[in-house]
Each structure stands twice: as C-alpha cells, then as structure tokens.
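The values are calculated or read from the model by the stated rules, or taken from the named source; none is laboratory data. All values derive from a computational prediction rather than experimental measurement. No Cβ is skipped: glycine too gets one built from the backbone with ideal geometry, and neighbour counts run over all protein chains shown.
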Amino acid sequence: MKRWILSACILALTAAPAAAVDIRLDSYRNPKSENFRIFNHMYLDGARGGLMAYNAWLKRHGQPSFCMPDDLALTTEQTEEIMLKSAEKRAAKGDWLVSSLLLWGLQDTYPCDKPAATK
C-alpha cells in the first residue's frame, strides 16, 4: 500500500503543469530583487513544512526519512543553513532543486538511528 501511495505522489508531481514553480539553487542564491529574496524564503518555508508533514506520515508508518527532535522548531535561517550546507557537501550546480537539497540536508543533519542487526 505504501509503495502505491508513493508512486501516486510521484506521478502526480511529474504530471503537474509546467507552470509549477521549483526554485533552483542559482535562483535562490542570486535573487533578481528583494521581492524574489522574500519569495525564496517563503518557498523554503513551504518546502520545509511539506517535508516535515510527509516525514511525520512516514514516521507514523515506521520509516521516517529524517529524525528531528520532537521539540525542535527550525527557523528560516536554520533551514537555509541546512540546505546550503547540503549544496556545498554535494558540490551542487545552479540547476539543482532547493527542495531536494533541503531533504538531503535534513537527512544529513538529523539521521535516524539504524536498527541493530539481528543475528
């Protein structure tokens, strides 16, 4: 069932209209104006919220993607730092998606403990 839901989500995202906006690293780092900088931060906040909501669903079903402390509330500045460190770690080019870099950064920053191997 989980695989079906994940497949449906991926299909819905790839079938979205071309007008849907994804922020790329280069656009994020070099906004055209102050308004674009503000929009980029709003986008990053939305991406963080979406990833955290999806991760809560995954956690409820036993396989979270990242494991943040329950009492932690990330600020926009902390979220940006996590995303930019992720970009640096991966030597990301300007066309990389900010949301993907954020996901990988959250996984790097808040890894989940691996269950002990059974003998």
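If I ask for residues that are in a helix (DSSP H, G or I) and either among the aliphatic types (A, V, I, L, M) or modelled with pLDDT under 90 (or both), which ones from segment 95-107 would you list?
Of everything in segment 95-107, those that are in a helix (DSSP H, G or I) and either among the aliphatic types (A, V, I, L, M) or modelled with pLDDT under 90 (or both) turn out to be 98, 101, 102, 103, 106.
Among the numbered criteria (1) modelled with pLDDT of 90 or more; (2) out of contact with any Cys (no Cβ under 6 Å at 6 or more places or on another chain), which one does residue 110 miss?
(2)
Report, by residue number, each residue of segment 79-94 that is touching an Asp or Glu at 6+ places or on another chain (Cβ under 7 Å) and at pLDDT below 95.
94
Cβ-Cβ under 7 Å, sequence separation 6+ or interchain: first residue in segment 40-56 and under 14 Å from residue 22 (Cβ atoms), partner loosely packed, with under 15 Cβ neighbours inside 10 Å. Which pairs?
Once the first residue is under 14 Å from residue 22 (Cβ atoms) and sits in segment 40-56, its partners that are loosely packed, with under 15 Cβ neighbours inside 10 Å give 44/76.
One line per residue, one yes/no per condition, for (1) among the aliphatic types (A, V, I, L, M); (2) under 12 Å from the mean Cα position of the chain (by Cα); (3) surrounded by fewer than 15 Cβ atoms within 10 Å (Cβ to Cβ):
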residue	(1), (2), (3)
25	yes, no, no
41	no, no, no
49	no, yes, yes
57	no, no, yes
60	no, no, yes
70	no, no, yes
75	no, no, yes
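Which of the residues that make up segment 83-115 are farther than 15 Å from residue 40 by Cα and free of Cβ contacts under 8 Å to residues at least 40 places away in the same chain?
Hits for segment 83-115 are 85, 86, 88, 89, 90, 91, 104, 105, 108, 114, 115.
Within segment 59-78, restricting attention to residues that are of a type outside the set (Asp, Glu) and in a helix (DSSP H, G or I), which residue is modelled with the highest pLDDT?
78
Would you check if residue 85 is touching a Gly at 6+ places or on another chain (Cβ under 8 Å) and surrounded by fewer than 18 Cβ atoms within 10 Å (Cβ to Cβ)?
yes
So how many residues does segment 53-65 have that are of a type outside the set (Gly, Ala, Ser) and under 17 Å from residue 97 (Cβ atoms)?
Residues that pass the stated criteria total 1.
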